[in-house]
Each structure stands twice: as structure tokens, then as C-alpha cells.
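The values are calculated or read from the model by the stated rules, or taken from the named source; none is laboratory data. Nothing here was measured: the structure is a model prediction, and the numbers come from that model. Glycine also receives a Cβ, built like all others from the backbone with ideal geometry; neighbour counts cover every protein chain displayed.
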């Protein structure tokens, strides 16, 4: 089974850290686990799209995955989930609000009964 197959079967952030042998502070993972994994996924998707994994041995792919996880984790050691805004709910929270147009009826358009 390849490393990428192994990763696809994991269900917790701690399992990713254990499998890839990346040390972490539990308090950071407790606060930013989904954000760390999403950022790691973005790094991996970018690497795959660029063909970075093509022709690499399983051990080299494991090293690249380890680096992706370590980089993602490091981002959230120095930043916060709110500051990084990875998820739509955080992006929407700071997006400018567009006021809906309210219908306007000028007074001159009003007709007093028949």
C-alpha cells in the first residue's frame, strides 16, 4: 500500500502526525486540526498537479508528505485559523456585505383614491 493510500484511510489529525512522524504540540492541533489537514491537502494537491510525485519512490513521497504536514502545522503555530481563513465560513465573515436594493416608490407615483 502506498503512502497516499495509507493517508486516505486515516481519520484523525493525530494519526497523520503519527504516520508521518511529525512532532506536534497537542494544544495547537486541538485548536487547528481541520485547518492543518486542509492546508496539508492543499499542499499535496498542488504537488500532485505539478507532477511532483511522478516517478518518486514511496519513501520519497513519504518525505514530501511529511514536509507538507510539517509546513501546514508550522503555519498554525505562528498564525490562527481565523487569520488564515481557509474555510468559507471564515471568508464570509470578513467579506463585504452587499446591501439588497430596496424598492423605491416616489411620492409623485402615489395616487389618492378615485
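Within region 35-48, does at least one residue satisfy the condition of being over 30 Å from residue 95 (Cα atoms) and touching a helix residue (DSSP H, G or I) at 6+ places or on another chain (Cβ under 9 Å)? Taking every residue of region 35-48 in turn, at least one turns out to be over 30 Å from residue 95 (Cα atoms) and touching a helix residue (DSSP H, G or I) at 6+ places or on another chain (Cβ under 9 Å).
Of the residues 29, 22, the single one that is in contact (Cβ under 8 Å) with a residue 12 or more places away in the chain and assigned to a loop (DSSP other than H, G, I, E, B) is 22. Just one of (1) in a loop (DSSP other than H, G, I, E, B); (2) without any contact (Cβ under 8 Å) to a residue 40 or more places away in the chain fails for residue 60. It is (1). Checking each residue in region 8-31 for being surrounded by 12 or more Cβ atoms within 10 Å (Cβ to Cβ), at pLDDT 90 or above and touching a helix residue (DSSP H, G or I) at 6+ places or on another chain (Cβ under 8 Å) picks out 10, 13, 14, 16, 17, 19, 20, 22, 24, 28, 29.
Restricting attention to region 78-96, the residues that are in a helix (DSSP H, G or I) and either more than 24 Å from residue 17 (Cα to Cα) or modelled with pLDDT of 90 or more (or both) add up to 7.
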